[in-house]
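Reviewing the structure listed below.
The values are calculated or read from the model by the stated rules, or taken from the named source; none is laboratory data. The shown structure was predicted, so the numbers you read here are calculated from the model rather than taken from an experiment. In this analysis, Cβ positions are derived from the backbone assuming ideal geometry, glycine residues included, and neighbour counts consider all displayed protein chains.
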Amino acid sequence: MDSDSPAFLNGVNRRRFVMFGGVAVATTAVISACRGATPPVSVAPPTTSTTVLIGSPKDLALLNTAISLEILAQNVYTQILAGTLVTDPTTQDLLKLFQAQHGQHQDELTRTVQAAGGTPFTKPNPVIMAQVVQPRLAALSSQADVVTLAYDLEHMMSATCQAGVGMFDHATLNTLIIQIGAIEARHTALWSILSAKSTTGTPDGAFQTDQDAVSPGTGL
Amino acid sequence: MEISEASLRRMVRQVDDLHREGMKTVRDEIAAVHTGAAARVGSRRRFLRHAGTGLALAIGGTVVAAGSLATAASAATAPPLTDQDIAKFSESVELAVVAAYALALTKLHTPAYVAMATTFSGHHMDHAKAFAAFAGDAATATANPGVLVAVSDELHEAPDEMHVLSAAYDTENAAAATYLYAIGLLNGVEILGTTASILPVEAQHATALGYALGKDPDTDAEYLPPFQTTDDELTPATYPVAG
């Protein structure tokens, strides 16, 4: 998707689909202002940080979308760990480790948004949570369900990060986003090992970013 | 964490599915271009030490200028790498990894490991073709000599399957680091997108191999790091393309 994609239009309530677990889920995705009349803002961080970024609205939307998904993943894993479905110690350990790593990703993305003069998003992505993840959480009935949900979640996040590469106005952000996306891919690989779901085909095509990735600005 | 052949096979198929889905996109993008062991068996650091030796064996006298100590100086005077340079280099790395897996397969006998190596080798061949397309006339269709010798040394010395898998694990992690390095240099949207679609696959290969090796994230910080890094990246300065 390029910067002329409809997803980048200002303030559009756009009905679209999010691929999740191989299913196209219709969402009423509120696309925030990702491209507008506001010129890119050159911001020097207020303190002693050496990082100076050019924070275009599009870049900030990409970063904040990623933040919203990182918070979402932590939230999901918290809910799962609070429940009783996961009894296998290995799975529990992975949930805890990945939850912590998503927190680290959130922190790094948040610092970057702040350095760029933006306002970091602080909530789980409301669209993805309400319309995509929450129904799956409510339907969980086994540890296998949990692993499959975790796989789908990590898969979506990895694809979202991958889709960001090449889209940033500030090219160094390509590196940051894929530094995170590669880790989500590692998470995905481990969930696939533990998942009993069919492997006859990839449910939502991890590398087809237009189909898998959450569009920048969704839910912000 | 125990591993079964069934889970390994399932995982390999999963990664393969992901890869093949991705390659559909890659092929489209290329077409557009043309039309327009665990902790117990060593670490990546060990691999890197061998890599330096391997490079010396590979290209003799030129290694002095291309060795790690000279890398910084070389980089300071070398012209900036173009997207085509990076594509050419990446093609050579991928072909070296393909050759390394061919050697690995002569030392693997457990069916799940053979399947894994065969599948991953196929991925790397596809990656090589993708990068070759971006390299255009600069493509060499030749394995990177330094990378090949470095990995081959590891494999030749490997006394058992776990050590073979460990060498593969190190190589896949190095490839992932290399593409992170590349993404920091590339400019073209198409090659950026392709590289971003390949890096996660290398990372997944490494994860799968790490799992097979029984690596534990509690005791091996390199196994499941919080961020992909460029640690152990392969660069054109350190591993020149043949010719």
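For the stretch B:130-176, a residue qualifies if it is more than 26 Å from B:Y113 (Cβ to Cβ), in contact with a Ser or Thr (Cβ under 7 Å, 6 or more places away or on another chain) and surrounded by fewer than 23 Cβ atoms within 10 Å (Cβ to Cβ), and the qualifying residues are B:T140, B:T142.
The residue list A:Q131, A:Q179, A:Q99 contains one member that is surrounded by fewer than 23 Cβ atoms within 10 Å (Cβ to Cβ), away from chain B (no Cβ under 12 Å), in a helix (DSSP H, G or I) and within 17 Å of the chain's Cα centre (by Cα), which is A:Q131. Assigned to a helix (DSSP H, G or I), within 20 Å of B:H205 (Cα to Cα), within 14 Å of another protein chain (Cβ to nearest Cβ) and not hydroxyl-bearing (S, T, Y) - does that describe any residue in the stretch A:103-123? No. Contact annotation: residue pairs with Cβ atoms under 6 Å, 6 or more positions apart or on different chains, pairing a residue in the stretch A:180-200 that is more than 14 Å from B:I198 (Cα to Cα) with a partner that is surrounded by fewer than 24 Cβ atoms within 10 Å (Cβ to Cβ) and modelled with pLDDT under 90, are A:I193/B:S7; A:T199/B:R10; A:T199/B:R13.
Determine whether A:V76 is more than 13 Å from chain B (Cβ to nearest Cβ) and not in a helix (DSSP H, G or I). No; evaluated as a whole, the condition is false for this residue. Has the stretch B:159-172 got at least one residue that is in a loop (DSSP other than H, G, I, E, B) and either over 26 Å from A:Q104 (Cα atoms) or of a type in the set (A, V, I, L, M, F, W, C) (or both)? Taking every residue of the stretch B:159-172 in turn, at least one turns out to be in a loop (DSSP other than H, G, I, E, B) and either over 26 Å from A:Q104 (Cα atoms) or of a type in the set (A, V, I, L, M, F, W, C) (or both).
Residues in the stretch A:102-126 that are surrounded by fewer than 20 Cβ atoms within 10 Å (Cβ to Cβ) and either of a type in the set (A, V, I, L, M) or more than 30 Å from A:N174 (Cα to Cα) (or both): A:A115 alone. Among the residues of the stretch B:184-243, those that are in a helix (DSSP H, G or I), among the hydroxyl-bearing types (S, T, Y) and more than 7 Å from chain A (Cβ to nearest Cβ) comprise B:T194, B:T195. Any residue at all in the stretch A:158-181 that's among the charged types (D, E, K, R) and at pLDDT 90 or above? Checked against the condition, which is being among the charged types (D, E, K, R) and at pLDDT 90 or above, the stretch A:158-181 yields at least one hit.
Quick one: in the stretch A:148-176, which of the residues that are farther than 24 Å from B:G184 by Cα and not polar (S, T, N, Q) is nearest to the other protein chains (Cβ to nearest Cβ)? Talk me through it step by step, then tell me what you get.
If we filter the stretch A:148-176 for residues that are farther than 24 Å from B:G184 by Cα, which is where we start, we get A:148-153.
Okay, now just the ones that are also not polar (S, T, N, Q), so A:149-153.
Details: A:L149: 16, A:A150: 14, A:Y151: 9, A:D152: 13, A:L153: 15 Å.
Restricting to residues being farther than 24 Å from B:G184 by Cα and not polar (S, T, N, Q), the top hit is A:Y151.
Consider the stretch A:201-214 and keep the residues that are at pLDDT below 90 and more than 7 Å from every other protein chain (Cβ to nearest Cβ). The one that is nearest to B:L199 (Cα to Cα) is A:T209.
Taken as a whole, the stretch A:145-160 holds at least one residue that is small (G, A, S), under 16 Å from A:L62 (Cα atoms) and surrounded by 18 or more Cβ atoms within 10 Å (Cβ to Cβ).
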